[in-house]
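Below: one structure, written as structure tokens.
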Amino acid sequence: MKNRALIWVFLSVLLLGAFGMALYLRRPVEYRSDQFLMDTLVSIKVYGRDTEKLRKAVSEAYAEMHRIADLTDRFPAKGTTAYTESDVCRINEMAGVRPVLVDKEVFAMLEVARNYYDLTEGAFDVTIGPVMRLWGFGGNNPHVPLAGEIKDSLAFVDNTQLVLNRKARTAFLGKVGMNLDLGAIAKGYATEIALQALKRNGIKKALIDAGGNIRVLGTNSGNDFWRVGIKNPLRTGGILAVLSLKDSAVVTSGDYYRYFESGGRRYNHILNPGTGYPATENVSVTVVTKDAGLADILSTAFFVLKPEKVLEIAKKQEGVDVFLVTADKRILYTPGLQGRIELRGEGDFRNDPSR
Ligand code: AMP
Ligand code: MG
């Protein structure tokens, strides 16, 4: 009798062990790789069964990101291979001279940029280059320019003078002195292209973080929603809200990412093309949508616009949600985020009812 009980105990333990082992083996492995790219730290995490497959997928994703980075780089020195390989440099060099044949994807980016220029009534303008340079953003001597200088360089900011010929696949900046800057769009576009490369390689679960441009694929390794934090723009290291998501992009434009201080004021790197001065309506704008490229464009564009205008435009865009921290310290978000967002530490702000 006693022996029989012992056998049962033994068998149960064995069964439990086997069950635990099976569960352990079913757990996907994580493969992670980080690279410095497009002026920021990029991290790709993928999950699956076969480490070699994961490694290959991530390496292809990075190759795609490098390709987009090289095509859109605006900083290489003239005369270098990097310069001749950058479509943006070639378009800028030929401003006012002649149209330039560009890569399919660069052309697509320029067309999308034109659409959002129209949609935002000029708040989003990739011909912002001359004023960006004047302020010294991207260089090592950022400073507040004279009002007259700003006015003069604004004469060279005009998206309607970026001539796109779809048949010939050429781009042409109409005036000498015009300058293209894809800083608001290239990172998100590259993130999306990288994610598509992962998908082509059979990856079902992934997270790409390109310096705050987040794109998740599927659910997380525990088959649950990915949890993505939105930074508190007033407190370094603080989290203001947490989003629960799958298959989405989350991109934030904030005044704390790139800025300089002068005379006790903060000057951030997103400019209002109407005035030539840094945009001041919002301190942080997060866009949640399927496509990381679109999220990147919209977060920059919305950063420039008045909060009420942002909500009005977002409402009309299918599948676009937005979370705003306004300059007057209000938190606003679109109803689509309700149930997917958890606010934390909003003590610094007024949480306005969402609309
Ligand atoms: P992001 O970090 O995506 O918000 O992009 C900011 C970058 O976009 C800046 O560093 C500039 O290169 C560029 N940029 C600044 N202002 C604008 C604007 N109004 N429209 C389009 N691009 C802009
Ligand atoms: Mg952007």
Open item on the list: Looking only at the stretch 254-274, count every residue that is part of a loop (DSSP other than H, G, I, E, B) and either without any contact (Cβ under 8 Å) to a residue 40 or more places away in the chain or crowded, with 20+ Cβ neighbours inside 10 Å (or both) and tell me the total.
Closed with: 6
TODO: Examine the stretch 169-182 for a residue that is farther than 28 Å from Arg90 by Cα and outside the structural domain of Asp103 (by TED's automatic domain parsing), and state whether such a residue exists.
DONE: no
TODO: Keeping to the stretch 305-355, report how many residues are assigned to a loop (DSSP other than H, G, I, E, B) and aromatic (Phe, Trp, Tyr).
DONE: 1
Open item on the list: Taking the condition of being within 18 Å of the chain's Cα centre (by Cα), within 23 Å of Ala61 (Cα to Cα), part of a loop (DSSP other than H, G, I, E, B) and away from ligand 2 (no atom under 15 Å from the Cβ), how many residues in the stretch 207-253 meet it?
Closed with: 3
Task: Lone qualifier among Ser59, Ser86 - being surrounded by 20 or more Cβ atoms within 10 Å (Cβ to Cβ), small (Gly, Ala, Ser) and without any contact (Cβ under 8 Å) to a residue 40 or more places away in the chain - done: Ser86
Task: Residue pairs meeting the criteria (Cβ under 9 Å; at least 6 apart or on separate chains; first farther than 24 Å from Ala57 by Cα, in the stretch 182-195; second within 11 Å of ligand 1 (Cβ to nearest atom) and charged (D, E, K, R)) - done: Leu182/Arg74; Gly183/Asp39; Gly183/Arg74; Ala184/Asp296
Task: All positions within the stretch 96-120 that are assigned to a loop (DSSP other than H, G, I, E, B) and surrounded by 12 or more Cβ atoms within 10 Å (Cβ to Cβ) - done: Gly96, Pro99, Val102, Asp103, Thr120
- [ ] Within the stretch 14-24, identify whether any single residue is over 30 Å from Val100 (Cα atoms) and at pLDDT 90 or above, and answer yes or no.
- [x] no
Open item on the list: If Asn141 satisfies all but one of (1) farther than 27 Å from Met65 by Cβ; (2) modelled with pLDDT under 95; (3) crowded, with 16+ Cβ neighbours inside 10 Å, what's the number of the condition it fails?
Closed with: (3)
Open item on the list: Please count how many residues of the stretch 254-283 are basic (Lys, Arg) and within 13 Å of ligand 2 (Cβ to nearest atom).
Closed with: 1
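The values are calculated or read from the model by the stated rules, or taken from the named source; none is laboratory data. It should be emphasised that the depicted structure is a prediction, and the values quoted were computed from it without experimental measurement. When we count neighbours, we look across all protein chains shown, and the Cβ atoms used for this are built from the backbone with ideal geometry, even at glycine.
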